[in-house]
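The values are calculated or read from the model by the stated rules, or taken from the named source; none is laboratory data. Keep in mind that what you see is a predicted model, and the values were worked out from it rather than measured. So basically every Cβ, Gly included, is an ideal-geometry build from the backbone, and we count neighbours across all protein chains shown. Please note that ligands, DNA and RNA were not included when accessible areas were found on the heavy atoms of the full protein model with its side chains. Shrake-Rupley method; radii C 1.70, N 1.55, O 1.52, S 1.80 Å.
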Amino acid sequence: MPSKKSKTKLFILVIVPLITLLTGCEFMDIDKDVFVSMIGIDKSDEEDKPYKITLKLYVPTSSFKQSPEPQYTYITKSGETLSEAIRILETYSDKELEFGHAKLIVIGEDLLKEHKASEVMDFLLRRPDIQMISWIAAGRPSAEEIIKMVPQGENAAYPALFNYFDDIGNESQYIVTTYLFDFRRRMVEEGIDPILPIIEKNTSHFKINKSLVLVDKKEPHELPTLYTGIFNILSMNIQVADLIIKEEDGEGEAFIAKIDSMNSKHKVIVENNNNIALEIEVRLTGYIAESKHPLKMKNLSYYNKLLEKVAKEKLTEFFSEMTSVGIDPIGFGIDYKSRTLHNKRMSSEEWKEAYKNAEIKIIIHPKLKSTGAIQ
């Protein structure tokens, strides 16, 4: 039996040669990297190079106190493919382009109208250095103009556009926040359509209160401000919302209902001969935040009826447009598949036809707690 000493020698003889074969990890100084803040992807004017990529790069600074104004550099290049454009852009900088900090990807509206979203997604998903939790949006008039704009009051450490989507700054009910991973899920999943916020360039600031629903082989459908807010309420993307409540004649009660708690659920009811009904149930809890006339607590039940009526009308209008156009950003198709055995489901074409002719059932549970804090 070998001694302890001989075992130790054997161990050293085996391990030491192996250690010499190990390589150390590659290390690059941080001053050799340049960090990408945003990525803009547009349709190019060149026929042989259809894609144009614009990168917004942070300018390294030793102290934000010394440079309070935001400083960026921009590099733009067209290419036959997105990868080719990126490879050429890498030759425009003496530093390594670092995409791991890119939090926003903007796709030009013209490119989306040409149904290029799937090709863009293929590129973004294959790159391991692009985060799946990045936000993605549509740019109007172009992605390049959006990411090159620096509004007044922007902080050097944090671009103003990020505040619209990070749930820390702006909390508007009209801003849709779409993550790259969710956009990809909606692109590949049958039964729900992708939706993107539209970032519009104004004179000195951004305007984000509309959205774009993408449907394969169809023109992207724009949701106006009201419908974008309704989508956010139904998809539970927001915490609070304001609803304008007024009687039809315009002479009666008119007030703003501040909704601070909401809950919604929906389901597909399958009837005979492939007829379906879309049932949407919404619970709205809040208080009256503004009124043109004095309001009394004893009439709170009446105000709740007005809230129920107006909310039902707006939701019916919203879903009537969604079904008539044939778009489904809410995901009724997924609900239908989850409730129906695969061998009893309608075909894709049958479902689209049934969806367009679906009966819409709206159930509203209003709960206004008070008429506000006026004494």
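Look at (1) in contact (Cβ under 8 Å) with a residue 24 or more places away in the chain; (2) outside any helix (DSSP H, G or I); (3) surrounded by fewer than 20 Cβ atoms within 10 Å (Cβ to Cβ) and you find that residue 94 fails only one, number (1).
A quick yes/no check of all residues on (1) charged (D, E, K, R); (2) within 30 Å of residue 335 (Cα to Cα); (3) modelled with pLDDT under 90:
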| position | (1), (2), (3) |
| --- | --- |
| 159 | no, no, yes |
| 201 | yes, no, yes |
| 207 | yes, no, no |
| 216 | yes, yes, yes |
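Determine whether segment 247-261 contains at least one residue that is over 29 Å from residue 334 (Cβ atoms), open to solvent by less than 40 Å² (accessible area, probe 1.4 Å), out of contact with any Phe, Trp or Tyr (no Cβ under 7 Å at 6 or more places or on another chain) and in a helix (DSSP H, G or I). Checking segment 247-261: not a single residue is over 29 Å from residue 334 (Cβ atoms), open to solvent by less than 40 Å² (accessible area, probe 1.4 Å), out of contact with any Phe, Trp or Tyr (no Cβ under 7 Å at 6 or more places or on another chain) and in a helix (DSSP H, G or I). When residue 122 is tested against (1) more than 20 Å from residue 53 (Cα to Cα); (2) part of a helix (DSSP H, G or I), only condition (1) is not met.
Considering only segment 339-369, how many residues are under 30 Å from residue 287 (Cβ atoms) and modelled with pLDDT under 90? Outline the logic, then answer.
So the first thing to find is which residues in segment 339-369 are under 30 Å from residue 287 (Cβ atoms), and the list is 360-369.
Within this subset, residues satisfying the condition of being modelled with pLDDT under 90 are none.
Selection size over segment 339-369: 0.
Within segment 160-206, being aromatic (Phe, Trp, Tyr) and open to solvent by less than 30 Å² (accessible area, probe 1.4 Å) holds for 162, 165, 183, 206. The number of residues in segment 207-225 being surrounded by fewer than 15 Cβ atoms within 10 Å (Cβ to Cβ) and in contact with a Phe, Trp or Tyr (Cβ under 8 Å, 6 or more places away or on another chain) comes to 1.
To keep it simple, each residue is scored yes or no on (1) at pLDDT below 95; (2) in contact with a Cys (Cβ under 9 Å, 6 or more places away or on another chain); (3) not aliphatic (A, V, I, L, M).
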site	(1), (2), (3)
112	yes, no, no
115	yes, no, yes
119	yes, no, yes
127	yes, no, yes
130	yes, no, no
135	no, no, yes
151	yes, no, yes
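For residues that are of a type in the set (Gly, Ala, Ser) and buried (at least 19 other Cβ atoms within 10 Å of the Cβ), scanning just segment 110-155, find the one that is nearest to the chain's Cα centre (by Cα). In this case the residue turns out to be 137. Determine whether residue 345 is without any contact (Cβ under 8 Å) to a residue 12 or more places away in the chain, among the basic types (Lys, Arg) and farther than 28 Å from residue 242 by Cα. Yes.
Quickly run through segment 262-293 and pick out the residues that are of a type in the set (Asp, Glu) and part of a strand (DSSP E or B). Across segment 262-293, the qualifying residues are 279, 281, 290.
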